[in-house]
1. Once each part is reduced to its C-alpha centroid, what is the distance from segment 48-80 to segment 241-265 in angstrom?
2. Return the FRET efficiency for the residue pair ARG108, ALA68: r is the Cβ-Cβ distance, R0 is 22 Å, and the value is rounded to the nearest 0.05.
3. For GLY13, enumerate residues with amide H under 5 Å from its amide H, sequence gap 5+ or separate chain, H modeled in the peptide plane.
4. If you project the alpha carbons of segment 112-162 onto the principal axes, what extent comes out on each, in Å, largest first?
5. Tell me the carbon and sulfur percent of the accessible area for the chain, rounded to whole percent, probe radius 1.4 Å.
6. Under a 1.4 Å probe, what is the accessible area of segment 12-156 per residue, stated in Å²?
7. Once you have the Cα-Cα distance between GLN231 and ILE203, take 0.36 nm times their residue separation minus that, and quote the gain in nm to one decimal.
8. Can you give the FRET efficiency for ALA79 and TYR167, using 1/(1 + (r/R0)^6), R0 = 30 Å, r = Cβ-Cβ distance, to the nearest 0.05?
Amino acid sequence: MEFAGKVALVTGGSRGIGLEISRRLAQGGADLIIGYKKDLENAEKAKAEFEALGRRVQLVQADLRKPAGVDALFEEVAAGLDQIDILVLNAAFGTMGEVLRMGRASWRASYDTNVLSPMLTAKGALPWLKRKGGVITATSTLGAHTAYPTYVAIGSSKAAMETLVKYMAFEWAKYGIRANSVAAGPVETRAIDWFRDGDAVRIFTAKKGLAGRMGLPSDIADVAVWLCSQQSHWIWGQSIVAEGGILCGVDYDDWMEENVDRNEFTAEGGA
Ligand SMILES: NC(=O)c1ccc[n+]([C@@H]2O[C@H](COP(=O)([O-])OP(=O)(O)OC[C@H]3O[C@@H](n4cnc5c(N)ncnc54)[C@H](OP(=O)(O)O)[C@@H]3O)[C@@H](O)[C@H]2O)c1
């Protein structure tokens, strides 16, 4: 088993994509430290499932948006499993809205949780990761690479996080630490209902994506766990986009039919 003898800390590892990443790591032999914010019931379900596989599991409740929450997390790690070989930076929060409509508090909420917190969490885990050389994998979003409606605070904060991960790869390679991100397209979790019209996101993803369906947590966990594994040993500081093919190609026939009257088009001046 690839991860036997290793301990993985997965923030937001109790549900959604983080739960599926935790599950794959546990199936691969890793013991787990699962961070969650408030949903104890889901966290305990995950603990029971992974303990049934013979894994050691430590649950840590902490609000990682606050620096004090990050400190509390590592105090508990030190008193608990006291080992981290794999760090998955997955917990996130986002405020939805357009640039002109969001106030300072909305920006702060997204940037505190998606940029400052991953940086503090990675710094906090560093003493353990350095012991034998470790791996950092962050969960990012396609919205860091292209624009979605009302997604600017999340998309831009995750773009900053991806760059942070690149710099961690650059600065911490000397400790034997490899860091990368996976940028996910839309995935069926509770987070989809943050969108004003979650069903539009589901339909768009299934119709535009070459895969022909909505993303599942397992689609992203496959990539994230691969990035945690030796199989990806030659990849450093990158963001791997995993989006079911929604960015691949342009179906201009459909788009033209819905948007353009050919009779009004002139080559010089556009429509
Ligand atoms: N779903 C998508 O379409 C999608 C697309 C692109 C990227 N992603 C990224 O994938 C990651 C996981 O998303 P998801 O959809 O699986 O999310 P989710 O189902 O909403 O789960 C979020 C997890 O993060 C934890 N969490 C949230 N805020 C936290 C905080 N302040 N402190 C500590 N833990 C916190 C939650 O704990 P509680 O359960 O206790 O609240 C939960 O375990 C995120 O980084 C997200 O940006 C998701």
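1. Each part reduced to its Cα centre gives a spacing of 46 Å.
2. 0.85
3. GLY35
4. Principal-axis extents of segment 112-162 (Cα, largest first): 43, 18, 10 Å.
5. Roughly 54 percent of what the probe reaches on the chain is carbon or sulfur.
6. Counting only protein heavy atoms, the per-residue value for segment 12-156 is 44 Å².
7. 6.7 nm
8. For ALA79 and TYR167, the calculated efficiency is 0.50.
The values are calculated or read from the model by the stated rules, or taken from the named source; none is laboratory data. This one's a predicted model, so the numbers in the text were calculated from it and none came from an experiment. Neighbour counts are summed over all protein chains in view; Cβ atoms, including those assigned to glycine, are modelled from backbone coordinates with ideal geometry. Just so you know, the surface numbers come from the protein's heavy atoms only, side chains and all, with ligands and any DNA or RNA stripped out. Shrake-Rupley method; radii C 1.70, N 1.55, O 1.52, S 1.80 Å.
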